[in-house]
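Data block below; observations after.
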Amino acid sequence: MSINLIKRAKEVLEIEALAIQCLKGRLGKNFVKAVELILKCRGRAVVSGMGKTGIIAQKFSATLASTGTPSLFLHTAEAIHGDLGKVTGDDVVIVLSNSGSTDEMKQLLPILKKIGAPIIALTGNSKSLLAKYSDVVLDVAVKKEACPLGLAPTASTTAALAMTDALAVCLLERKGFKEKDFAFFHPGGVLGKRLLLSVRDIMRQGQSSAVVREDKLVAQVLLAITRARAGSAVVVDKQGKLKGIFTDGDLRRHIARDKNLPHRPIKEVMTKHPTVVNQDMLAAEAMRILQSKKIDEVPVVDKFMRPVGLLDVQDLLKAGLI
């Protein structure tokens, strides 16, 4: 039984892979025209579909919106019950329908023509009503569905999904859409955080950052670190310029061999000339510095080498960068 299941699963994947492979030979001037229509659109890309194909349409609309093309999803059935009011002549309408000749199409398409929005069809029937009403037709027909009954949309929805992905990727490249643009539309995602968060946004400052003079004793510095609930203290001279950093690692290295450590000036045991970062640096770049140097804390300084904060690896964790 398990062998038969694996065999059948492989057959399904082969049928769906073939459906996508067949699309390559159909790419031509119509595909280019579809991309150009969406690029030149002054309004939104309105993507319509229903049933399983409607789910593909929703995904396409979401992909467009997240890659710089304003878009909305319009359920084909809901469209003929009032939602057509969402469509304007400045929009471009992309309709996904395998048959292209449903009852909903008969009511929807004449109204879209009156509105004046150009129509791009993704259909498995290039002679359908949808194809006749459309300005551009993309053929996404498949030889057969993976469903043994030939009823459940399987290979056909896979083909439609692949074609919409091809459109979306070509559009974002024509727009010159970059990582920073993607991050702008995904501020809550990991990429958005990596590309938008600066050190200033997450560094510790004020009472959360221990800053001590270089003539302070280690015991006093440890109290300052405890009050700040930090893992280190930044050490400065009389002018407030950075001289060093004293970390948990420094404490462990010295305390085992120096019983008098609490009474020694911090300047004698601190790490001099520490690695620093700028407050305007991207947090992701600061993270790379911490990782490459294998350190957990780094002072944040201004252009005069005066400490303005402290960046701890825990801050990067909380920000979701690690």
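Each residue of region 101-109 in turn: what ³J(HN,Hα) in whole Hz from Karplus with 6.51, -1.76, 1.60 and θ = phi - 60°, glycine and Pro shown as x?
Once rounded to whole Hz, the list reads 9, 6, 4, 4, 4, 4, 8, 6, 5.
Could you work out the longest stretch of the chain that avoids the trypsin sites (Lys or Arg not before Pro) located in DSSP loops with at most 16 other Cβ atoms within 10 Å?
Values: sites that count: Arg26, Arg42, Lys127, Lys143, Lys144, Lys175, Lys178, Arg229, Lys238, Lys241, Arg257, Lys259, Lys294, Lys303.
Value returned for the longest uninterrupted segment is 43-126.
Let me have the 222 nm mean residue ellipticity of the chain computed from DSSP H runs of 4+ only, each contributing -39500 (n - 2.57), with the sum over all residues rounded to the nearest 500.
Details: 14 runs with 147 residues, N = 322.
When only DSSP H runs of four or more count, the value is -13500 deg cm²/dmol.
Collect residues whose amide H, placed 1.01 Å from N in the peptide plane, falls under 5 Å from the amide H of Asp302; neighbours closer than 5 in sequence don't count.
Those qualifying (amide H under 5 Å, at least 5 residues apart or on another chain) are Val308.
Pull up all non-local amide H partners of Thr154: gap of 5 or more, or a different chain, and H-to-H distance under 5 Å with H placed in the peptide plane.
Here the answer is Ala146, Cys147, since their amide H atoms fall under 5 Å of that of Thr154.
Using alpha carbons only, how many degrees (0 to 90, rounded to 10) separate the axis of helix 218-228 from the longest principal axis of the chain?
Between helix and principal axis, roughly 30 degrees.
What distance in nm separates the two pseudo spin-label positions at Gln239 and Asp135, each 7 Å out from Cα along the beta-carbon direction?
6.6 nm
Would you pull out the residues with amide H under 5 Å of Ser99's amide H, same chain only if 5 or more places away, H placed 1.01 Å from N?
Gly124
Using only the alpha carbons of the chain, determine the length spanned along each of the three principal axes and report them from longest to shortest in whole angstroms.
Over the chain, Cα extents along the principal axes are 90, 56, 34 Å.
Give me the net charge for the shell around Arg42: Cβ to Cβ below 10 angstrom, other residues only, Lys and Arg +1, Asp and Glu -1. Let's see the in-between values first.
Working: positive: Lys40, Arg44; negative: Asp90, Asp91.
For residues surrounding Arg42, the net value is 0.
Enter the Cα centre distance for the pair region 1-71 and region 194-229, rounded to the nearest angstrom.
Spelled out, the Cα-based centre of one part sits 52 Å from the other.
Residue by residue through region 20-27, what is 3J(HN,Hα) from phi via Karplus (6.51 cos²θ - 1.76 cosθ + 1.60, θ = phi - 60°)? Round to whole Hz and write x for glycine and proline.
Whole-Hz 3J(HN,Hα) from phi for region 20-27: 6, 4, 5, 5, 4, x, 9, 6.
Read the figures in this text as sums done on the coordinates, not as results from a lab. In this text, all values refer to a predicted model and were calculated from it rather than measured experimentally. Using ideal geometry, Cβ is built from the backbone for each residue, glycine included, and neighbour counts are taken over all protein chains shown.
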